[in-house]
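Novice: What follows is a single structure, and I will ask about it in a moment.
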Amino acid sequence: EEQELVSQARIEVEEMEWPEGHTVTKGVTSLHSAASHEEQLGRISGEFVGIESEMKVGESTLKFSESANSWTYSKAIQNGLVDLAERYGDEIVFMGEDMEIAGAFGINLPLKARGHQEKLLDMPLSESIIINSAAGAALGGMRPMAEIQFGGFAALAMNALVNNAAQLRWRWGAEVPMTIRIPLGGKTRSGPFHANMIESWFTNDPGLVIVAPSTPQDAYDLLIEAHALNDPVVFLEHIGLYGLRGGKTGWGDTINQLVDTETVHQRVAEGITSIGSARVVRGGRDITIVTWGAMVHVAMNASSKMAKKGVEVEVIDLRTLVPFDFAKCVGSVQKTGRLLVLQESQWSGGFGHTICNRIIEESFWKLEYPPVVIGSLDTPVPFSPTLEDHTIPNSKLVERHIERACELA
């Protein structure tokens, strides 16, 4: 019987005509298709009008709280995991290393406390096995949540993720609903293998959705929405934002928020997602900073200081790296005429260059100053606090770039 099925399938394939070339772009993920050659060519026409924010100059959407009911970034993720466990029941399993002892940062403790111990699957010390097993579970009808314990360890899962899980939808229409949590980022004093910013490893690989929350609210929302997609979603959570140092980030800030846990579930129930939508977190008129993750807060600090010098910076939090919201970014740059792209990863080869070039293509004739990408130095991530602090972009460096772009320096 199996042989007959295979033989019949082979006959059907042999009788098929080759597909039309333009169809190759379709269905890379459930959210987007690839751009065509014609679309790429049309970007330099100068005809595209981006989406301009209606936010008032100097106004910010980021609201933090010192309330006892507010959540840290890590608590938002913890509570998101618990809510997912209760929402998906037997469909969900949490796969990773040290899962039964709460993981490297205690993220799984609330899962255990709420009676979801049986959903924690302690895997072998092999990132390849973790991702391949999660992909298999997804193909089998489950919705697994896989964890790569630290960013640098993801190198060991690349084949499983980018050659297998990421491509199955495009290759043969399979749905692979799995979320891959990857803690990463600097200001953690954890050095190489652990603090690497690795988004550029994945942004060139079609088939993945990639999100990078910067706040507790987005950490909760994007986790819930990511797990509702029928795609492999890479969830980049910044360890430096966890609030491990008495509730403060690695930069010494407090970003706790009163998290709304209802709206996102309503969106999911209605089949709506905010994934793929950037957010203007500060209105401005003189220059645009496009950034994501922990660098959102660096950009906001620099912007507040520049406002005292009469320069109003518009800050855009991408939230989603793939697919990224170019229309909102272009709209802002067409308004301000100046662009800084701020990334924590090393300058060379960073995703910021892709973002910068994409925005330039649509807004070149509106530019008043050469666009700039700001990134970490092209070195491994140091252990030493002094070396790490010197390596990563800080608000003073961003201020200097703003001053030069706005001709204050």
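Novice: May I ask you to list the residues in region 274-310 that are closer than 21 Å to Gly331 by Cα and of a type in the set (Lys, Arg)?
Specialist: Arg279, Arg282, Arg285
Novice: Given region 312-409, what strands (runs of 3 or more DSSP E) lie entirely inside it while holding 2 or more residues that are polar (S, T, N, Q) and closer than 24 Å to Val209 by Cβ?
Specialist: Those strands (runs of 3 or more DSSP E) span 339-346.
Novice: Another question, if that's okay. Given (1) closer than 17 Å to Ala294 by Cα; (2) among the hydrophobic types (A, V, I, L, M, F, W, C); (3) touching a His at 6+ places or on another chain (Cβ under 9 Å), where does Ile182 come up short, assuming only one miss?
Specialist: Just one mismatch for Ile182, condition (3).
Novice: Pull out all pairs, ordered by first then second residue, where Cβ-Cβ is under 8 Å, the residues are six or more apart or on different chains, the first lies in region 270-291 and is at pLDDT 95 or above, and the second is assigned to a strand (DSSP E or B) and polar (S, T, N, Q).
Specialist: Hits for this filter: Ile275/Thr320; Gly276/Thr320; Ser277/Thr320; Ala278/Thr320; Val281/Ser60; Arg282/Ser60; Gly283/Ser60; Thr291/Gln343.
Novice: Sticking with this one: Kindly provide the set of residues from region 34-62 that are acidic (Asp, Glu) and within 25 Å of the chain's Cα centre (by Cα), ordered by number.
Specialist: If the condition is that a residue be acidic (Asp, Glu) and within 25 Å of the chain's Cα centre (by Cα), then Glu39, Glu52, Glu54, Glu59 are the ones that fit.
Novice: Sticking with this one: Taking Phe326 and the conditions (1) farther than 28 Å from Pro206 by Cβ; (2) in contact with an Asp or Glu (Cβ under 8 Å, 6 or more places away or on another chain); (3) among the aromatic types (Phe, Trp, Tyr), which numbered condition does it fall short on, given that it satisfies the others?
Specialist: (1)
Novice: Among Ala68, Ala9, Ala102, which is free of Cβ contacts under 8 Å to residues at least 24 places away in the same chain, assigned by TED's automatic domain parsing to the domain that holds Leu121 and not polar (S, T, N, Q)?
Specialist: None of the others qualify; the one that does is Ala102.
Novice: Let me ask you something else. How about region 154-269: which helices (runs of 4 or more DSSP H) wholly inside it have at least 1 residues that are under 16 Å from the mean Cα position of the chain (by Cα)?
Specialist: Passing ranges, in order: 199-202, 216-228.
Novice: Looking at region 84-109, which of its residues are part of a helix (DSSP H, G or I) and either buried (at least 19 other Cβ atoms within 10 Å of the Cβ) or of a type in the set (A, V, I, L, M, F, W, C) (or both)?
Specialist: Leu84, Ala85, Met99, Ile101, Leu109
Novice: Right, here's the next one. Could you please tell me which pairs satisfy a Cβ distance under 6 Å, a separation of 6+ or placement on different chains, a first residue in region 381-397 that is outside the structural domain of Arg189 (by TED's automatic domain parsing) and touching a residue at least 40 places away in the same chain (Cβ under 8 Å), and a second residue that is part of a loop (DSSP other than H, G, I, E, B) and aromatic (Phe, Trp, Tyr)?
Specialist: Going by the 6 Å Cβ cut-off, there are no qualifying pairs.
Novice: Out of the residues in region 116-132 that are more than 17 Å from Pro183 (Cβ to Cβ) and of a type in the set (A, V, I, L, M, F, W, C), state the one that is surrounded by the fewest Cβ atoms within 10 Å (Cβ to Cβ).
Specialist: Taking the candidates together, the pick is Ile129.
Novice: Thr215: hydroxyl-bearing (Ser, Thr, Tyr), buried (at least 23 other Cβ atoms within 10 Å of the Cβ) and in contact with a strand residue (DSSP E or B) (Cβ under 7 Å, 6 or more places away or on another chain), yes or no?
Specialist: yes
Novice: Within region 349-366, restricting attention to residues that are touching a Gly at 6+ places or on another chain (Cβ under 8 Å) and closer than 25 Å to Val322 by Cα, which residue is surrounded by the fewest Cβ atoms within 10 Å (Cβ to Cβ)?
Specialist: Among residues in region 349-366 that are touching a Gly at 6+ places or on another chain (Cβ under 8 Å) and closer than 25 Å to Val322 by Cα, the one surrounded by the fewest Cβ atoms within 10 Å (Cβ to Cβ) is Phe364.
Novice: Looking only at region 373-409, filter to residues that are touching a Gly at 6+ places or on another chain (Cβ under 9 Å) and of a type in the set (A, V, I, L, M); which one of those is farthest from Asp286 (Cα to Cα)?
Specialist: Val381
Novice: Return the residues of region 157-180 that are in contact with an Asp or Glu (Cβ under 6 Å, 6 or more places away or on another chain) and free of Cβ contacts under 8 Å to residues at least 60 places away in the same chain; say none if nothing qualifies.
Specialist: Ala157, Val162
Novice: How many residues are of a type in the set (A, V, I, L, M) and not in a helix (DSSP H, G or I) if we restrict to region 68-83?
Specialist: Within region 68-83, residues that are of a type in the set (A, V, I, L, M) and not in a helix (DSSP H, G or I) number 1.
Novice: I've got another one for you. Within the group Ala113, Ala135, which residue is assigned by TED's automatic domain parsing to the domain that holds Pro192, aliphatic (A, V, I, L, M) and buried (at least 16 other Cβ atoms within 10 Å of the Cβ)?
Specialist: Only one candidate passes the filter, namely Ala135.
Novice: Let me ask something else about it. So, Gln266, is that one under 27 Å from Tyr88 (Cα atoms) and free of Cβ contacts under 8 Å to residues at least 12 places away in the same chain or not?
Specialist: yes
The values are calculated or read from the model by the stated rules, or taken from the named source; none is laboratory data. Bear in mind that the values here come from a model prediction, so they are computed numbers and not experimental data. Using ideal geometry, Cβ is built from the backbone for each residue, glycine included, and neighbour counts are taken over all protein chains shown.
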